[in-house]
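Report on the structure given below.
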Amino acid sequence: MSRPQTQIERILSRHSTESPGAPVEPEDFVEVEVDRLVLLDMAATHPEFLAHLPHRVHRPERVAWVFDHLIPPPTVELASGLRKLRELAAAWGITNVWDIGRGGISHPLMAERGWVRPGEILANTDSHTCAAGALGCAGRGVGMLEVMNILCTGRTWYRVGETVRASLAGRLPPGVSGKDVFLTLARDHGAIPGQNLEFAGDGVAALPIPTRQAIATMCAEISAEFALFPPDDRALDYVRARLPAGEPLAPVRADPEASFAAEWSVDLDRVEPLVALPHRVARNVRPVAEMTSVPITRAVVGSCANGTIEDLEAVAAVLHGRRVHPDVVFTVTPTTSEVMAEAARRGLVERILTAGALVTNPTCGACFGGHMGVLGDGEVCVTSTTRNFQGRMGSPNAKIYLASSATVAASAVTGHLTDPREILGGDRP
Amino acid sequence: MKLVGRAWVFEDDINTDLLYPAACFRLPAAERPRLTMSANRPGWSAEVRPGDLVIAGANFGTGSSRPAADNLKGLGVAGVVADSINGLFFRTAVNTGLPVLEAPGVRAFVREGATVEVDLDTGTIRSEGRELRVRPLPPFLSRILADGGLVPRLRNEGYID
Ligand code: SF4
C-alpha cells in the first residue's frame, strides 16, 4: 500500500501531468495542470510581461483579471496602463475582468465569486494566494513570470514541501479574531519556508469562513507554501452558494493516517489579542495588553486578510458611541464591493463615518504603500493589513504594528495600542 | 553551474520590501536596483560589484511577488545562497535567471568579504579551505537557469517574441 498522503500531497498528485494520481512526497518536483489563473492590475507595471506578451492564452475562460492594487489609478501612467490591460484581455478572449467598482481585492473576491474551489489548484501572481486554502483550494502566489508561463502552457510546477499540522481546539473568545490565531502561530513557531500548513481539530468547525480566510491569508507571513483548511460542510456550503446548481466539486482531504513533519496545537479559548512589532512578523509578537504605552498616529483596517464584513462589524462595535482620537487618522477599506454594499445595508458604514473614521473604496491601496493614505516620516501605525516590513506602507521611517481589526479600532479610539476587550468589556450588561 | 565570488552576508528574514522597495514601481527600470536594501543597509548597492554573492540566514526573500530578483540581478549579484529561502522568491529568482541555492548553515559558514565557491549541481560550497555540502539544485531548475530564465525559455518554445 502506498504511503498515506496529506491534503496538499493528494491535490498535487491528482493534478500531476506526468502520472496523475501517483503518490508524491516531500522534495519531489511535480508539474501540474492549473485549474484557474488570476492576473492582477500590477501586470501594468511589469516591464518584462509587457515586452513579451504571449501570442495566445491557454483556456482564457479559466483566467480572471482583477484590478485591485492600483484602483482607482492615482497617476496618469497607471490609468493608461489599465487601459492597455483591458485591451489585452479583449484580444486574448478573457471575459472575466473585474474592473474598478465591480470587484475588489483578488483573494477574497475570487472566493466570493466561486473561483476558489476545494481540491483545485489556483495560481495568481500575488503572494497571499494561500488565502484560497481557507476553502481547501491549493492556492499559491507564483509571481508574474510564472503567470506568463501558465498563460502560455496552462501548467506550472511545485516542489512538494513537508507539511505541518496545526490542530485547533475550543472556541475563540469575544474580542479575539483569526488574526490573533495567526499571530499566536507566528509567535510560537516562527517562519516555515518551504513547508505547508494543514489545519485540523474540532475547533475548525465553528470558525466562520472570513476567520479561516484571515488565518490562511496571513500564513504567507510565515513563508508557508500552502495553508489548507479541511473542506468541511461550512466550506462546501460557502462554495456551493456561489456556483450554478449541480456544478460538481471534488474536495480533497488528508488521508487519516497521513504523517506530518510537526504537530502544532492551539487552544482557541486561550488566544488573546496580539500585536506584531515593527519590522517583521515571525517571532516578533507580544500581547496588546503589554504594549499600551505605544501612542499611534494612524490606524488602518483592510487588506485581503482583514477587510471582511466580520472586520467591519468588529470595527463598528468598537466605535459604537465613541469617537476616533483627535491625534489619529483612521481609514477602513472593505475587501470587495459586495462587502462594502453589505456594510452599508447593515448600517456599519454610517457608524464608522460618524465616529470620525474614513471608509475608502475596496483596494489594496495603503496595505502595500501604493496610495490611499501612505505613511509619512515618523508616523506610528497600527494596522490589520498583512505586513509590517520597514517601508511597507510608505516611509521607511514609519513604524507599523500589525494586529486584528478590533485592536486597531480600539487603539484608534484611545490613541495608543489598546486591547479591544478593555473597551468592549465596558459594553457588557 | 558554478559561481565564484566575494561574499556579502545578511541576517535572517530579508524581505522583498527591502529588496525591492515600493518606490521602485515609480522609477524607470534602470534606476530601481540602486534602492536594493537601502532601508536596512544604506550604501550597499553602491559597494556591491558584479560577480559578488549574497549569503544570508533563514527565510530569505519572504514577502510579496514583486520582481525582487530583478534588483539583485541588476546590481550584478551572481547568486544568492541562504540558510532557507521563501518559495515564491526562490521561484522568481530561477525564472529571472538569478542562481539560488538553499544551504542550511551557510550564514555561519561564510565570513563577509571572503571568496566563496558554489557548485549548484553538486551542492558544494567552499570557502577559506572548508567545505559545506547541501542538497543540490534539482536538474529541472538548473535547466531553467541554463536557459537564462523563463523569458528565453518561452521564446525558444515559440510562445512569445
Ligand atoms: S491587500 Fe495587501 S497583501 Fe493583500 S493582495 Fe493587496 S497588497 Fe497584497
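The values are calculated or read from the model by the stated rules, or taken from the named source; none is laboratory data. Just so it is clear, the structure is predicted and the values come from calculations on it, not from any experiment. Because the Cβ atoms are built from the backbone with ideal geometry, glycine has one as well, and the counts that use them run over all protein chains shown.
Here A:Arg421, A:Arg428 are screened, and the one residue that is in a loop (DSSP other than H, G, I, E, B) and either over 20 Å from the mean Cα position of the chain (by Cα) or at pLDDT below 95 (or both) is A:Arg428. A single member of B:Gly57, B:Gly63 is buried (at least 24 other Cβ atoms within 10 Å of the Cβ), touching an Asp or Glu at 6+ places or on another chain (Cβ under 7 Å), within 14 Å of chain A (Cβ to nearest Cβ) and among the small types (Gly, Ala, Ser), and it is B:Gly63.
Identify the residue in region A:146-182 that is within 18 Å of A:Ala214 (Cα to Cα) and of a type in the set (Val, Ile, Thr) and, among all such residues, is farthest from the chain's Cα centre (by Cα). Restricting to residues being within 18 Å of A:Ala214 (Cα to Cα) and of a type in the set (Val, Ile, Thr), the top hit is A:Val176.
Give region A:9-55 a look and list any residue that's out of contact with any helix residue (DSSP H, G or I) (no Cβ under 9 Å at 6 or more places or on another chain) and farther than 30 Å from A:Thr95 by Cβ, or say none. Passing the criteria: A:Glu9, A:Arg10, A:Ser13, A:Glu18, A:Glu27. Please go through region A:120-161 and pick out each residue that is β-branched (Val, Ile, Thr), assigned to a loop (DSSP other than H, G, I, E, B) and more than 17 Å from B:Ile85 (Cα to Cα). Listed by number, the list holds a single entry, A:Thr125. Can we say A:Val300 is within 16 Å of the ligand (Cβ to nearest atom), of a type in the set (Val, Ile, Thr) and at pLDDT 95 or above? Yes; evaluated as a whole, the condition is true for this residue. Checked against (1) in a helix (DSSP H, G or I); (2) touching a Gly at 6+ places or on another chain (Cβ under 9 Å); (3) buried (at least 21 other Cβ atoms within 10 Å of the Cβ), A:Val57 meets all criteria but (1). Residues that are surrounded by fewer than 24 Cβ atoms within 10 Å (Cβ to Cβ) and part of a loop (DSSP other than H, G, I, E, B) were ranked within region A:376-390; the one that is nearest to the ligand (Cβ to nearest atom) is A:Gln390. Listed by first and then second residue, the pairs with beta-carbon distance under 7 Å, at least 6 apart or on different chains, first residue in region B:139-157 and away from every other protein chain (no Cβ under 11 Å) and under 19 Å from A:Met144 (Cα atoms), second among the aliphatic types (A, V, I, L, M) and buried (at least 21 other Cβ atoms within 10 Å of the Cβ), are B:Leu145/B:Val94.
Of all residues in region A:99-119, those satisfying the criterion of being part of a helix (DSSP H, G or I) and buried (at least 24 other Cβ atoms within 10 Å of the Cβ) are A:Ser106, A:His107, A:Pro108, A:Leu109, A:Met110, A:Ala111. Inside region A:193-221, residues that are surrounded by fewer than 24 Cβ atoms within 10 Å (Cβ to Cβ) and within 14 Å of another protein chain (Cβ to nearest Cβ) make up a count of 2. Just one of the listed residues (A:Pro287, A:Pro278, A:Pro362, A:Pro326) is buried (at least 22 other Cβ atoms within 10 Å of the Cβ) and either away from the ligand (no atom under 16 Å from the Cβ) or more than 14 Å from every other protein chain (Cβ to nearest Cβ) (or both), namely A:Pro362. Listed by position, the helices (runs of 4 or more DSSP H) inside region B:30-131 whose residues that are over 21 Å from B:Asp12 (Cβ atoms) number at least 3 are B:68-74, B:87-96. Would you pick out the residues in region A:60-80 that are crowded, with 18+ Cβ neighbours inside 10 Å and either within 16 Å of the ligand (Cβ to nearest atom) or within 11 Å of chain B (Cβ to nearest Cβ) (or both)? Selection gives A:Ala64, A:Trp65, A:Val66, A:Phe67, A:Asp68, A:His69, A:Leu70, A:Ile71, A:Pro73, A:Leu78.
On the stretch given as region A:209-248, residues that are more than 15 Å from the ligand (Cβ to nearest atom) and of a type in the set (Val, Ile, Thr) total 3. When the residues of region A:104-114 are filtered to those that are in contact with a Lys or Arg (Cβ under 9 Å, 6 or more places away or on another chain) and within 15 Å of the ligand (Cβ to nearest atom), the one that is farthest from A:Phe226 (Cα to Cα) is A:Glu112.
Inclusion of B:Ser84 among residues that are over 27 Å from A:Leu78 (Cα atoms) and crowded, with 20+ Cβ neighbours inside 10 Å is warranted. Residues of region A:289-303 that are part of a helix (DSSP H, G or I) and of a type in the set (Ser, Thr, Tyr): A:Ser303 alone.
Scanning region A:403-413 turns up no residue that is of a type in the set (A, V, I, L, M), within 14 Å of chain B (Cβ to nearest Cβ) and within 16 Å of the ligand (Cβ to nearest atom).
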